[in-house]
Amino acid sequence: MQPRDASFDEPLSPAPPTRSAPRFIARPASGPAELHALQALRHRAFFGSAGIDADPFDALSQHHVVVDHQQDGRIVGGFRTRVLQPVTTPQGAASYADSYTGGFYDLRPFAERGDTVLELGRVCVDPNVQNADVLRRAWGALAQLVRVADVDVIIGCSSFEGTEIARHTDVLCHLFAKHGRQGHGTPVLLDGQAGEIAGGKAVALASLTPTGQVLRPTDVPPLLRTYLLMGGWIGDHAVIDPHMKTTHVFTALRVADVPEARKRLADSWA
């Protein structure tokens, strides 16, 4: 028996009211030193070891950190964003293709609508900080960015641990049945990615058959749970990222589709 939808799709309840100054604050990263610290945190969060997680998209993105004022402003979370330029300009056409998400999917369905699209990526939380307020503050900051930039759609890739797609069969089937989209207007795998299906590096979600495994809310990554909480949807394939050692699904959230109560909730996290 699968859990009720509420247990799956509502990971972050409203934060309890407090009269004191907030412990966590989200803000733009200030300079190369903070970006370097954020990249180090990303490596710990994604790979479980010391190092630096950096890629060419860092130079094209805005970076944001969540700091802990109980630990002298230490960075305990972060994310990066990039507003893709209108496709009517040469720079805009290139920005859709030259993005992390655009390396896997053909994003022309968004570009051709004339949407203002924000790509969200590298969302991370310090694995030693077990506090939902870190992610809440990140989403609160994102809500403000969306408002300022007049964003129509937030896109990205939501990742599951590991590169064995079969490990996530049941949860992927559940999510695709309730939150999946396919067909016209949905980004499709690029030709090179579609060619990886035979090699097991990408799988059409409609082709999966559930095994009957009992699902838990924690089977869905926190980032994806929050997308769904706000009214987001997923694409029709699971794709392996061999560098990150993850399996991801395309994720999108049209801002106009977010219920007003959810918008107020996100604003309360800012």
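The values are calculated or read from the model by the stated rules, or taken from the named source; none is laboratory data. Please read these numbers as outputs of a predicted model, since none were measured by experiment. In this analysis, Cβ positions are derived from the backbone assuming ideal geometry, glycine residues included, and neighbour counts consider all displayed protein chains.
Observations
- Filtered residues of region 63-86 (kept if more than 20 Å from the chain's Cα centre (by Cα) and part of a loop (DSSP other than H, G, I, E, B)): ASP72, GLY73, PRO86
- Listed by first and then second residue, the pairs linking a residue in region 231-242 that is closer than 24 Å to PRO259 by Cα to a residue that is of a type in the set (A, V, I, L, M, F, W, C) and assigned to a loop (DSSP other than H, G, I, E, B), with Cβ atoms under 7 Å apart and 6 or more places separating them unless they lie on different chains, are GLY231/VAL258.
- Evaluation of ALA45 against (1) modelled with pLDDT of 95 or more; (2) touching a Lys or Arg at 6+ places or on another chain (Cβ under 7 Å); (3) under 22 Å from ASP133 (Cα atoms) (one fails), failing number: (2)
Residues are listed down the side, and each one gets a yes or a no for (1) modelled with pLDDT of 95 or more; (2) in a helix (DSSP H, G or I):
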residue: ILE155; (1), (2): yes, no
residue: SER158; (1), (2): yes, no
residue: LEU172; (1), (2): yes, yes
residue: THR186; (1), (2): no, no
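- Filtered by the rule that a residue be touching a Gly at 6+ places or on another chain (Cβ under 7 Å) and part of a loop (DSSP other than H, G, I, E, B), region 110-132 gives a lone residue, ASP126.
For every residue, the table says whether it meets (1) surrounded by fewer than 21 Cβ atoms within 10 Å (Cβ to Cβ); (2) modelled with pLDDT under 95; (3) polar (S, T, N, Q).
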{"position": "GLN70", "(1), (2), (3)": "yes, yes, yes"}
{"position": "GLN91", "(1), (2), (3)": "yes, yes, yes"}
{"position": "GLU112", "(1), (2), (3)": "yes, yes, no"}
{"position": "ASP115", "(1), (2), (3)": "yes, yes, no"}
{"position": "LEU118", "(1), (2), (3)": "no, no, no"}
{"position": "ASN131", "(1), (2), (3)": "yes, yes, yes"}
{"position": "ARG137", "(1), (2), (3)": "no, no, no"}
